[in-house]
1. Of the residues 153, 136, which is out of contact with any His (no Cβ under 7 Å at 6 or more places or on another chain), within 16 Å of the ligand (Cβ to nearest atom) and over 14 Å from residue 188 (Cα atoms)?
2. Scan 225, 235 and give me the residue that is crowded, with 24+ Cβ neighbours inside 10 Å and either touching a helix residue (DSSP H, G or I) at 6+ places or on another chain (Cβ under 9 Å) or part of a loop (DSSP other than H, G, I, E, B) (or both).
3. What are the pairs with Cβ atoms under 6 angstrom where one residue, in segment 148-165, is open to solvent by 20 Å² or more (accessible area, probe 1.4 Å) and the other, located anywhere, is more than 14 Å from the ligand (Cβ to nearest atom) and part of a helix (DSSP H, G or I)? Sequence gap at least six, or different chains.
4. Would segment 182-193 turn up any residue that is within 16 Å of the ligand (Cβ to nearest atom), closer than 29 Å to residue 69 by Cβ and either surrounded by fewer than 24 Cβ atoms within 10 Å (Cβ to Cβ) or at pLDDT below 95 (or both)?
5. Hey, residue 248 hits all of (1) more than 14 Å from the ligand (Cβ to nearest atom); (2) buried (at least 24 other Cβ atoms within 10 Å of the Cβ); (3) within 30 Å of residue 117 (Cα to Cα) but one; which does it fall short on?
6. Can you spot a residue in segment 156-170 that is acidic (Asp, Glu) and more than 30 Å from residue 294 (Cα to Cα)?
7. For segment 174-206, enumerate the residues that are assigned to a loop (DSSP other than H, G, I, E, B) and either small (Gly, Ala, Ser) or within 16 Å of the chain's Cα centre (by Cα) (or both).
8. Among the residues of segment 283-303, is any part of a strand (DSSP E or B) and surrounded by fewer than 22 Cβ atoms within 10 Å (Cβ to Cβ)?
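The values are calculated or read from the model by the stated rules, or taken from the named source; none is laboratory data. If you're wondering where the values come from, they're calculated on a predicted model, not measured in any experiment. Here the Cβ positions follow ideal geometry from the backbone for every residue, glycine too, while neighbour counts run over all protein chains shown. Ligands, DNA and RNA are excluded from the accessible area calculation, which covers all protein heavy atoms including side chains. Shrake-Rupley method; radii C 1.70, N 1.55, O 1.52, S 1.80 Å.
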Amino acid sequence: MKTSIVKVTAFAVGGCMLLGMMACAREKAAKADNQPQATSVTYLPTSLDQQPLPADAGPLPSIDANRTMQYVKEVVAFGPRPIGSANHKKLEDYIYAHLKGDQVEDDSFTADTPEGKFPVRNIIAKFPGTREGVVVIAGHYDTNYPLRNTAYVGANDGGSSTAILLELANHLRGKKREGYSVWLVWTDGEEAVKSWTASDSLYGTKHLAEKWEKDGTIKNIKAFLLADMIGDADLNIDRDTNSTTWLASVVYQAATRLGYQSHFFARTTAIEDDHLPFVQRGVPCLDIIDLDYGYGNVFHHTPQDTIDKLSTKSLQIVGDVILESVQMLDKMK
Ligand SMILES: [Zn+2]
């Protein structure tokens, strides 16, 4: 993925709806003391008017973060996993092996790239629900192509997203969902093969979004949550301005319920990632991404993107927040 603009912004607190009583009390106290008006370092999504949030989405979820980290380690052990490589094929088989018995489809095609033609395969696992409509949770499993002949293993960029989806599948299978159907999508060909442009990037999701537009599926997607680079031990999920505001509000509220809100939305960026082909087709999307990986993002797309930079806690936070967000979406009008 890529940031087109990066800006660090402090947002004025716009209301109390999401903050709860404590935060409101603090805001009022600051005013009473004639302190400088609190421009919060925590981004607070506004525009909640489009969708009222449910008061209670039920018991808080908890993924098995140790198992998720084990998945990351196993994925990383394959080595670099760029499109067209033998390691990539091994990873495809690994993902399929974890989805035995699930309803799995693929969207495979040949991508025409500046480095030639490559097979690309999006892998889709469908978990049916009782409610009409689909929540898609996506993340890419390919790794950086230009670094394919280095020690690059993409523990965070590629590894963490692959693993979190495998763990979410463990929580979704074996029971009929009381809510929307959830489709997990391991996207492929996210990375550029030469350098990032609109045409050299997002090969898998561009294809999938077009396919789902043609067959009418896209109208049924209520939300598209993307997880990318979510394992950083120093977890700071960016507020992506290309994403949908009300969906950011839902995720922020979910994070707040779990006590994880300090890891969300302190920094605002415009991020180009696998959600864009769906954003462009009017699907509500949120990119859950920490694009500050190491000080000044120094580990991103370098051989330093290794397992020791990640933490089980970060995987826990993101996995739980995604599941809680889906529970909230299930109950929304
Ligand atoms: Zn990348």
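1. Details: 136 fails: within 16 Å of the ligand (Cβ to nearest atom).
Checking each option against the conditions leaves just 153.
2. Values: 235 fails: crowded, with 24+ Cβ neighbours inside 10 Å.
Of 225, 235, the one residue that is crowded, with 24+ Cβ neighbours inside 10 Å and either touching a helix residue (DSSP H, G or I) at 6+ places or on another chain (Cβ under 9 Å) or part of a loop (DSSP other than H, G, I, E, B) (or both) is 225.
3. Pairs that qualify, where the first residue is open to solvent by 20 Å² or more (accessible area, probe 1.4 Å) and the partner is more than 14 Å from the ligand (Cβ to nearest atom) and part of a helix (DSSP H, G or I), are 153/76.
4. Within segment 182-193, the subset within 16 Å of the ligand (Cβ to nearest atom) is 186-193.
So of that shortlist, the ones also closer than 29 Å to residue 69 by Cβ come out as 186-192.
After this cut, where a residue has to be either surrounded by fewer than 24 Cβ atoms within 10 Å (Cβ to Cβ) or at pLDDT below 95 (or both) as well, the list is 192.
Yes, segment 182-193 has at least one match.
5. The single condition residue 248 does not satisfy is (3).
6. As a first pass, look at segment 156-170 and keep what is acidic (Asp, Glu): 157, 167.
Narrowing further to those that are more than 30 Å from residue 294 (Cα to Cα): none.
Checked against the condition, which is being acidic (Asp, Glu) and more than 30 Å from residue 294 (Cα to Cα), segment 156-170 yields no hits at all.
7. Scanning segment 174-206 gives 174, 188, 189, 190, 191, 192, 195, 198, 199, 201, 202.
8. So in segment 283-303, the residues part of a strand (DSSP E or B) come out as 285-289.
Next, from what is left, pick out any that are surrounded by fewer than 22 Cβ atoms within 10 Å (Cβ to Cβ): none.
No, segment 283-303 contains no residue that is part of a strand (DSSP E or B) and surrounded by fewer than 22 Cβ atoms within 10 Å (Cβ to Cβ).
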